[in-house]
Amino acid sequence: MVARAYSEAGIDLVNNPDFCTPNDIKNSSLLFFVDKPSIQVCDEEIQAIEEEGDTTEGMRKVTNALLKDLRNIDPSIEGLNDIDTLIMKKPELDSIISDKLEKSGYLNFWKIELSRFPWRYDPIKMTQLYHSLEDQEMLLDYCRSTIKQNKNGDFKHWYINAVYYHDLYSKFNSKTFLCYANLYFKLASLHESRVKTAEIILSVYRNKSS
């Protein structure tokens with residue numbers, strides 16, 4: 001997976017990205033050892049991180065709990081992608097699985113991101129944040145990075161997944177597929193708001209930062 005990811009970006013770490021070992025990647029001439037790849041943080045920084053929480057870990061816990069619950073319905077489910085196949089093979093499980101999905105918190109986990117960083121999606125709130133910062137350029141760098149990621153297609157998979165699950169819903173009339181379609185359309189919509197907010201802030205302040 002690592003070799004293929006680099007290859008997709010135009011960097012071949014090994015001769016054949018489809019058939020290689022971790023040691024092949026480790027010995028690639030394009031990679032180098034990073035000495036002391038860690039940084040020291042103060043107690044205040046640690047406290048801030050702990051108070052903010054780790055959304056990645058939170059999402060992992062929600063996902064693992066959901067999968068554990070679904071395996072009680074069908075042990076063949078190993079990952080989220082297995083749900084699609086199971087619904088197609090056993091449509092009678094659709095209502096049970098969709099209910100588990102809705103109650104798990106998986107479909108609404110995006111609300112945590114929105115509550116933590118509401119300014120990312122609202123030009124007025126980002127403007128207020130901009131004027132409250134000492135280092136305003138830092139916020140403009142965030143806007144530039146967001147726009148760059150969008151141009152690179154880093155979040156295009158949300159729209160692709162939305163269309164994919166909408167098509168499955170049209171074909172199978174499955175509530176589970178509808179839940180997924182709505183989720184990914186929401187994520188795609190939020191990302192669009194995030195990009196537009198970044199564009200607005202840059203258009204106004206890119207030449208005014210001190």
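Under the condition of being of a type outside the set (Val, Ile, Thr) and at pLDDT 85 or above, which residue from segment 39-62 is farthest from GLY105 (Cα to Cα)?
Taking the candidates together, the pick is GLU57.
Would segment 136-158 turn up any residue that is under 20 Å from ASN81 (Cβ atoms), among the polar types (S, T, N, Q) and crowded, with 16+ Cβ neighbours inside 10 Å?
no
Given the residues LEU70, LEU13, which is the only one that is surrounded by 10 or more Cβ atoms within 10 Å (Cβ to Cβ), part of a helix (DSSP H, G or I) and modelled with pLDDT of 90 or more?
After ruling out the rest, the residue left standing is LEU70.
I'd like to check something: does segment 165-172 contain any residue that is within 20 Å of the chain's Cα centre (by Cα) and assigned to a helix (DSSP H, G or I)?
Checking segment 165-172: at least one residue is within 20 Å of the chain's Cα centre (by Cα) and assigned to a helix (DSSP H, G or I).
Would you be able to tell me the number of residues in segment 173-210 that are over 24 Å from THR63 (Cα atoms) and part of a helix (DSSP H, G or I)?
Matching residues across segment 173-210 total 14.
Please verify whether ALA65 is in contact with a Pro (Cβ under 7 Å, 6 or more places away or on another chain) and either at pLDDT 90 or above or open to solvent by less than 90 Å² (accessible area, probe 1.4 Å) (or both), treating the condition exactly as stated.
Taking the combined requirement at face value, the residue does not satisfy it.
The values are calculated or read from the model by the stated rules, or taken from the named source; none is laboratory data. Bear in mind the structure is a predicted one, so any value in this text is a computation, not a measurement. Cβ sites come from the backbone with ideal geometry, for glycine too, and all protein chains shown count toward neighbours. All accessible areas refer to the heavy atoms of the entire protein, side chains included, with ligands and DNA or RNA removed. Shrake-Rupley method; radii C 1.70, N 1.55, O 1.52, S 1.80 Å.
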